[in-house]
Structure formats: structure tokens, C-alpha cells
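The values are calculated or read from the model by the stated rules, or taken from the named source; none is laboratory data. Not measured: the values here are computed from a predicted model. Reconstructed Cβ throughout: ideal geometry from the backbone, glycine too, with neighbour counts over all protein chains shown.
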Amino acid sequence: MSQQFVFWRTSEHLDARAVYEALMEGEPVVGLDLLDLDAAEQALIGVLPDWTVEARRADGGEQTMLFSPDQRASIDAGYSPESVTVSCSWMSEEQYNLVIQAMATLHLPLYDPQIDERFDSVPI
């Protein structure tokens, strides 16, 4: 089972579904903040310290790939200047929440496309 989570920051009131669709098409979205993608990658890696890092932006790649110790669960994170998209496979709800909290510490609220909901205020 997999889930996709998308994180971006804005001070404007934007239609979350329209933002998501534009980001998935690779289109720029006016009103989104530019992100510190290195910090986002470090937060993802740091929240799951026992996971194996298979790929990382810091090494010149375009994505971050992590695998659980048993190699069953995984994260594939992609980046644009304004967003972080995290695809999670075979993870527990607790692990999903770790990812969401890691992004929340960077003030990057969650958009969950599975339920078409943006969570603008997430406790840190």
C-alpha cells in the first residue's frame, strides 16, 4: 500500500487541489515560497535514522530514496523549488506521521491528495 504526501508553504489562500495538480504537471505556482530543499532532505533522513539511504539530492541526484531495515517499506521523495512530494510504500501510520512531523518542523504543511485536504496548521 502506498500514500503520497505533498508539502509546500504559502502565505496566500490558494486552491490546494489546483496547486497540487500544477505541481504534479511540473508547472510553477505563483504564491508558493521557495524551499530549503537540503533541509527538507535532511529532515526526512533524520526522522528515520535506521533506514538505508539509497539515493539523495546531496549526492547530485534529483530525489531521496530510503528503505526500511527489512527492505519492505520505502520512501521516494521528489523535489521542486516550491514543494516536496513524498511517496511512501508499505509504511505504518506511525511512520507516516514521522514524515509529516519532519516537514512540519520546517513549516511545510501537508496536502494529502488521497483525501484532497490541506492541513495548514500541524502541531510541531
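Remarks
- Hey, Leu44 among the aliphatic types (A, V, I, L, M), in a loop (DSSP other than H, G, I, E, B), buried (at least 18 other Cβ atoms within 10 Å of the Cβ) and within 15 Å of the chain's Cα centre (by Cα) or not: no
- Once the range 1-51 is narrowed to residues that are farther than 14 Å from Tyr79 by Cα and of a type in the set (Asp, Glu), the residue that is modelled with the lowest pLDDT is Glu12.
- Pair list, Cβ under 7 Å, 6 or more apart: the range 46-66 residue over 17 Å from Leu106 (Cβ atoms) and without any contact (Cβ under 8 Å) to a residue 40 or more places away in the chain, other residue among the polar types (S, T, N, Q) and part of a loop (DSSP other than H, G, I, E, B): Trp51/Ser68
- Test: residue in the range 66-76 that is in contact with a helix residue (DSSP H, G or I) (Cβ under 9 Å, 6 or more places away or on another chain), part of a helix (DSSP H, G or I) and surrounded by 13 or more Cβ atoms within 10 Å (Cβ to Cβ): no
- Among residues of the range 75-88 that are more than 15 Å from Val53 (Cβ to Cβ), those with a Cβ under 6 angstrom from a residue that is of a type in the set (Asp, Glu) and modelled with pLDDT of 95 or more, sequence gap 6+ or separate chain, pair up as Ser87/Asp76.
- When the residues of the range 52-65 are filtered to those that are at pLDDT below 95 and assigned to a loop (DSSP other than H, G, I, E, B), the one that is farthest from the chain's Cα centre (by Cα) is Gly60.
- Test: Tyr96 is in contact with a Pro (Cβ under 7 Å, 6 or more places away or on another chain) and closer than 22 Å to Ile115 by Cβ: no
- Residues in the range 21-41 that are within 27 Å of Ser68 (Cβ to Cβ) and part of a loop (DSSP other than H, G, I, E, B): Leu35, Asp36.
- Taken over the range 80-94, residues that are surrounded by fewer than 18 Cβ atoms within 10 Å (Cβ to Cβ) and touching a strand residue (DSSP E or B) at 6+ places or on another chain (Cβ under 8 Å) amount to 3.
- All of (1) part of a helix (DSSP H, G or I); (2) surrounded by 13 or more Cβ atoms within 10 Å (Cβ to Cβ); (3) not basic (Lys, Arg) hold for Ala18 with one exception: (2).
- Filtered residue count, the range 78-124, keeping only those that are touching a helix residue (DSSP H, G or I) at 6+ places or on another chain (Cβ under 7 Å) and at pLDDT below 95: 2
- Test result for Gly46, out of contact with any strand residue (DSSP E or B) (no Cβ under 9 Å at 6 or more places or on another chain) and under 19 Å from Ile100 (Cα atoms): yes
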